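Below is one structure, written out as structure tokens; comments come after it.
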Amino acid sequence: MVFDLKAATRTPPRVVRIRVRRYNPETGSSWWQEYEVETYRGMTVLDALLKIKAERDHSLVFRYSCRMGVCGSCGLVVNKRPRLACQTQIAEVASEGRPVVELEPLYNFTVLRDLATDFTEFFRKHRFVKPYILRRDVREREEPTLEYSQTPDELAEYYEYSLCISCGLCDAACPVYASDPNFLGPQALAQAYRYIADTRDELWEERLRLLDVEGSIFKCHFAATCSAVCPKMVDPAGAIQRLRSTLLKYKVRVYRKTRVAKVVPPMEKREPQKPLPPEATLVEGVDLKLLEEEKPVIPVEKLLTS
Amino acid sequence: MKAGTIALIQYATAILMVLLIAWHVAVRIPWLHGVEDLPSTMSPEIIYDEVRRFWPLLILLSIAVVIHGVNGLRGILLEWAGSNERLRFAINILSILAIIALLIVAVHTIVGLPELG
Amino acid sequence: MERGRFRFLENRLGIIASLYPWVIDIRGNPERIAFTLHRITGIILVGFVALHIISTNTPARAGWEAWVEEVQRLSGVNPVSLLFFIAMGALVFHSLNGIRLLLVELLALGIGRPEKPKPPYIPPSLKGYQRTLIYIVSILSLIIWALMGYVIFLM
Ligand code: SF4
Ligand code: FES
């Protein structure tokens, strides 16, 4: 998302009109409701909603949790653009000339009530691509005795995609997802690529074959709106292009995963400890030999009772 | 057919078409034939000569175009059809029929070309 | 969707989202417009190709005289030549943008390298040279289209 980095330093219009698209599942009716909210500098859309809920209308329903762009619960459509409510400054979306903020529930999701949407389908699709590391040696994966080795370069290949917070903004923005309920959606596909690009993942062929179906990557036509709205700069559009290219290369047999991480003993066991420099002085009463052999025990009971 | 295979066909025909259509359009440039306007580049003599000499290219072009076009439209329609299974099936069948029908016409154009009278 | 006495709202934007890019705010996202144009020109071209295959069948079906008549309909400004002109515009844009899409979709080129998020937080795929290609494609197709218009109408 192209952020207005200076937004938080500006003062928003003193009073903004918040228009909320509301929905009542009992009567099945949907309407626009308007609230006037006094603002302050640094107020986010979520703050405004909380203020409305506290002072005006306790029946307004929306979802949030962390209030700082980490949990991905508060996605909604602000002035026709999917955004995180807690990450969007009022000053960014309203101006003196147009002090109106229009809030709608996320497009392409089922609306439960007002601004709260149903993510069951979203997570079903996420689960479909097996968003976890697959190893032949399942036992080692579940009860690890050793570590997987990975270089910083290999990490950089997928690090960006691992930042996804499952907020669903990308699916709300996708023009294909808008008309095709069978499409897996940018989020799930980006996650699929995240695990295929991960060197620790061993059964990448299985995941590629899983994706070689109708309604998966080949429905994407690079409108790239998902990348444009993603609040975490995950770049799902780029991930999907790489995934598709990988799958097609795999199909014509020119692609092989170049490296699969091996299990290695942990770092500190591999390298012998460096001896302390002669000028280092030890705290009195500390026996280095003893510390290395047995782990220090923190006397919890003693701390609690004292 | 697997979705990936269809996508491969779509991209392969696309590459083919970029080249073939560039040629197909370029031969309609009037100056190449030393005539004044577009319709005269399509006089029976020129067309007859072209088809006689380049018929394999023309057949290839029509195959690529028809497959790429109908398959592309099929993709769009399937997307719009949502999860209505009957509709999806109908779209798939109709696309295959459309491909066959258009190709028959295209082949007839070349095979059935009358001698210049 | 219904569950018990609750009726939930399907909030899909539907077909309109792929035909009209401005249903959502697309600032900083010309790819969306290119996608819509690619789709619309594609639909136009399928129609054109079908008609074109049928009309070029004329010599085989009805002889060369009918073909000459058919071709004459393209000269001057009239509905047939206008439609032909529109189809040619669609063809040029679809081909040039198609080359760009081949690079991006088939070879995953022009979408940058994965990178760590840093201000101003523009994802690599929106910074890669595919973005420049969009502008090149649009300008080039306008130029070629204008040349074709010259050949069709003015010569
Ligand atoms: S890819 Fe971005 S927009 Fe999509 S769910 Fe993840 S964080 Fe949200
Ligand atoms: S409340 Fe957690 S992301 Fe907005």
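No value in this document is a laboratory result; all are computed from the given coordinates. Nothing here was measured: the structure is a model prediction, and the numbers come from that model. Cβ placement follows ideal geometry from the backbone for every residue including glycine, while neighbour counts extend to all protein chains displayed.
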Please report the projected area of region A:7-117's Cα convex hull averaged over all directions, in nm². 6.6
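Among residues other than C:Pro119 whose Cβ falls under 14 Å from its Cβ, what is the net charge (Lys/Arg +1, Asp/Glu -1)? Walk me through the numbers before you get to the answer.
Values: positive: A:Lys6, A:Lys232, C:Lys116, C:Lys118, C:Lys127; negative: A:Asp4, C:Glu115.
Charge balance near C:Pro119 sits at +3.
Could you work out, residue by residue across C:110-116, how many beta carbons of other chains sit within 10 Å of that residue's beta carbon, and then give the average as an integer?
Numbers: counts 1, 11, 2, 4, 14, 5, 5.
Averaged over the peptide's residues, the number is 6.
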Whole-number Å³ per residue for the convex hull built on Cα positions in chain A: 250
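Over the Cα atoms of region A:120-251, what is the Rg over Rh ratio if Rh follows Kirkwood?
Values: Rg = 14.7 Å, Rh = 15.1 Å.
We get a ratio of 0.97 for region A:120-251.
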Once R0 is set to 30 Å, what does the formula 1/(1 + (r/R0)^6) return for the Cβ-Cβ distance between C:Lys127 and C:Arg3, expressed as a FRET efficiency to the nearest 0.05? 0.10
So which GluC sites (Glu not before Pro) in region A:1-77 end up in coil per DSSP with only 15 or fewer other C-beta atoms within 10 Å? A:Glu26
Rounded to the nearest 0.05, what FRET efficiency is calculated for C:Tyr135 and C:Ile15 with R0 set to 25 Å and r the Cβ-Cβ distance? 0.35
Expected integer from the mean partner chain Cβ neighbour count at 10 Å over B:17-28 is 2
Under a GNM of chain C (C-alpha, springs under 10 Å), which listed residue has the highest mean-square fluctuation: C:Leu101, C:Leu37, C:Leu19? C:Leu19
Which order, highest average first, do A:72-78, C:91-97 follow once you tally other Cβ atoms within 10 Å for each residue and take the mean per peptide? A:72-78, C:91-97
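Per residue of C:18-30, what is the mean number of Cβ atoms on other protein chains within 10 angstrom of that residue's Cβ?
Numbers: counts 11, 3, 1, 3, 1, 4, 14, 12, 8, 3, 7, 11, 2.
Per residue, the average neighbour count from other chains is 6.
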Could you work out how far apart the two model spin labels at A:Met68 and A:Val15 are, taking each label as a point 7 Å from the Cα in the direction of the beta carbon, and quote it in nm? 3.4
Yeah, region C:7-134 with a ≥ b ≥ c from its alpha-carbon gyration tensor (a/c under 1.5 is rounded, else prolate when a/b outruns b/c, oblate otherwise) is prolate
Kirkwood calc, region B:3-111, C-alpha pairs only, radius in angstrom 15.9
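Loop-only chymotrypsin sites (Phe, Trp or Tyr not before Pro) in region A:96-148, please: DSSP not H, G, I, E or B, and at most 11 other Cβ atoms within 10 Å.
Values: sites: A:Tyr107, A:Phe109, A:Phe119, A:Phe122, A:Phe123, A:Phe128, A:Tyr132, A:Tyr148; in loops: A:Tyr107, A:Phe109, A:Phe119, A:Tyr132.
Qualifying residues, ordered by number: A:Tyr132.
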log10 I(q)/I(0), Debye, Cα-only the protein assembly as shown, no solvent, q = 0.07, 0.08 Å⁻¹? -0.56, -0.70
What cysteines in the protein assembly as shown have no other cysteine with a beta carbon less than 4.7 Å from their beta carbon? A:Cys74, A:Cys86, A:Cys164, A:Cys167, A:Cys174, A:Cys220, A:Cys230
Residue pairs, from the table A:Lys51/A:Lys80; A:Lys51/A:Lys130; A:Lys6/A:Lys51; A:Lys130/B:Lys2, whose Cα atoms sit over 29 Å apart: A:Lys51/A:Lys130
Log entry: pair-distance distribution for region C:83-155, C-alpha pairs binned every 10 Å from zero, whole % per bin is 19, 36, 24, 14, 6, 1
In whole angstrom, note down how far apart the Cα centers of region A:230-262 and region A:1-47 are. 38
Can you tell which of A:Thr145, A:Tyr255, A:Leu49 lies farthest toward the positive end of the dipole of chain A, using +1 and -1 charges on the Cβ of basic and acidic side chains (Lys, Arg; Asp, Glu)? A:Tyr255
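Quote the charge dipole size of region A:7-117 about the Cα centre in Debye, to the nearest 20; the model charges only the Cβ of Lys and Arg (+1) and of Asp and Glu (-1). Walk me through the numbers before you get to the answer.
Details: 17 positive and 12 negative charges, 46 e Å.
Magnitude of the dipole: close to 220 debye.
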Quick check: the distance between the Cα centres of region B:1-63 and region C:93-111, to the nearest angstrom? 21
Quick calc: nm separation of the 7 Å Cα→Cβ label points for A:Tyr40 and A:Tyr132 -> 4.4
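Which value, in debye to the nearest 20, describes the size of the charge dipole of chain A about its Cα centre when Lys and Arg Cβ atoms bear +1, Asp and Glu Cβ atoms bear -1, and nothing else is charged? Mind dumping the intermediate values first?
Values: 47 positive and 43 negative charges, 222 e Å.
For this selection, approximately 1060 debye.
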Binned at 10 Å starting from 0, the alpha-carbon pair-distance distribution of region B:1-61 in whole percents comes out as 20, 39, 23, 13, 5
In a Debye calculation with equal point scatterers on the alpha-carbon sites of region A:155-217 and no solvent, what is log10 I(q)/I(0) at q = 0.20, 0.21 Å⁻¹? -0.83, -0.89
